[in-house]
Amino acid sequence: MLLKKTTHLFNTGKLDFAPLTANTIPNYTDTHNIKIQSSVTSAYLFFNTMSGATTDVHLRRALSMAYDKRLLTQSKLKNGAKPLNGLMPQGLTTGPDGMDYRKSTGQLEAYNLTKAAKNWRLAKRDLGVKHLTLNLLIANNSTARITAEFLRGQLEHNLPGLTITISKVSLEHRVQLEAAGKFQLVFSTWTPADDDPYNFLTFYQTGNRQNITGFSSTKIDTLLKQITQNSNNATKRWQLIQKNRTVPDASRSPFQWCLSGRTSIFTEPTRPTISHLSLWAH
C-alpha cells in the first residue's frame, strides 16, 4: 500500500523518486526516468530438511531443477534480475587469482528437466506415493506472488503428480514460521553484509540462525571452522571456501540475483525506484 502511494505521489510531481514493484515496473520501461542501482541480493527456494517429504534429497533435487529461471527473470519479473545457478552470485567477490567466484566454480543446480524427472521418480519411490502436495510459504508482496505463481505452474507441469499450494503471509509472520521450522518450501531473499563468501556458507552451519532448513553436516562444519582458522592466509582460505562451492544435498535452490536491470528482485539490485532524475532498483 505504501509503495502504491509513493508511486502516485511521484506521478503527481510531489516526489522526486519512488520505489517500484514488479507490477508497476512495466508502466515505466519506456521512460527516461528508470535507472538501476546494483546490489547482490539473491533469491532462494528453501526446503525443510528436518521434517516432511522435503527431507528426501531426490525430491529436493527434482524441485531445484524443474523450473526455468531464465524464463522467470526475463518473461515474468522483467526487472533486470539474472538467473543464479549456485549459492553465490556473480560479481560478489574475486579470489586471490582475480577470478570471479561464480565463474570459477561454475553453474550448479541449473534447469534440467531430464535430471528433474529422474529425481522425481526416485522421490516418489522413496516416499511411496504417486501424488504429492507441497505448500510454498511466501511474504505477501508482488515479487513473491509473481514468483510463487510461476513456480506452481512450472513445477506442476514438469513434475506430473505434484500439487503446489501457496500460503501468503506478512513478512514478519513468514520469518517467524521459518525460525520455527513450520514450512515445507519457502521463498526468501537475502543480501549479504559484505562481499565475503563465508557469509553465504554459514547458511549450512549447524545451529546458525540463518540455517532455517535444518541442514547439518559435520564435513561442512569442519570446513567452516578451518576457513575461520585460516583468516590470515588468503590463498588457503579461498581454497577451503571453494570446497564448499556446491549446494549440499539441495537444501536450498538458488533462484536469481539482480546486479542490474529494470527493477530489483532475486539477486535483486535494490528495490526499483522512479525518479525525475533517475529510477533505481533496490
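Every number here is computed from the coordinates shown, using simple stated rules; none is lab data. Since we're looking at a predicted model, the values are computed, not measured. Cβ coordinates were reconstructed from backbone atoms using ideal geometry, including for glycine residues, and neighbour counts include every protein chain displayed.
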_segment 101-150 and segment 168-220: distance between their alpha carbon centers, rounded to Å_ = 17
_Under-5 Å amide H pairs with Ala81, H placed in peptide plane, nonlocal only_ = Arg262, Thr263, Ile265
_How far apart, in nanometres, would the label points at Gln242 and Leu171 be if each is projected 7 angstrom from Cα along the Cα-to-Cβ direction?_
3.7
_Let's test the formula: R0 of 25 Å, r as the Cβ-Cβ distance of Gln107 and Leu71. What FRET efficiency results, to the nearest 0.05?_
0.95
*Under 1.5 on a/c is rounded, so check that first for segment 69-132, then, if it is not, pick prolate when a/b is larger than b/c and oblate when it is not; a ≥ b ≥ c are the square roots of the alpha carbon gyration tensor eigenvalues.*
oblate
_Taking 35 Å as R0, compute the FRET efficiency from the Cβ-Cβ separation of Asn199 and Leu9 and round it to 0.05._
0.45
*Check Leu136: other-chain or 5+ apart residues with amide H under 5 Å from its amide H, H built from backbone geometry?*
Thr165, Ile166, Ser167
*Residue by residue, what Karplus-based ³J(HN,Hα) values in Hz, rounded to whole numbers, does segment 115-120 have, using 6.51, -1.76 and 1.60 with θ = phi - 60° and x for Gly and Pro?*
5, 5, 5, 4, 5, 5
*Asn27 paired with Asn230, simple spin-label distance in nm, labels 7 Å along Cα-to-beta-carbon*: 5.2
*What residues qualify as long-range amide H neighbours of Leu162, i.e. H under 5 Å apart, gap of 5 or more or another chain, H built at 1.01 Å from N?*
Leu132
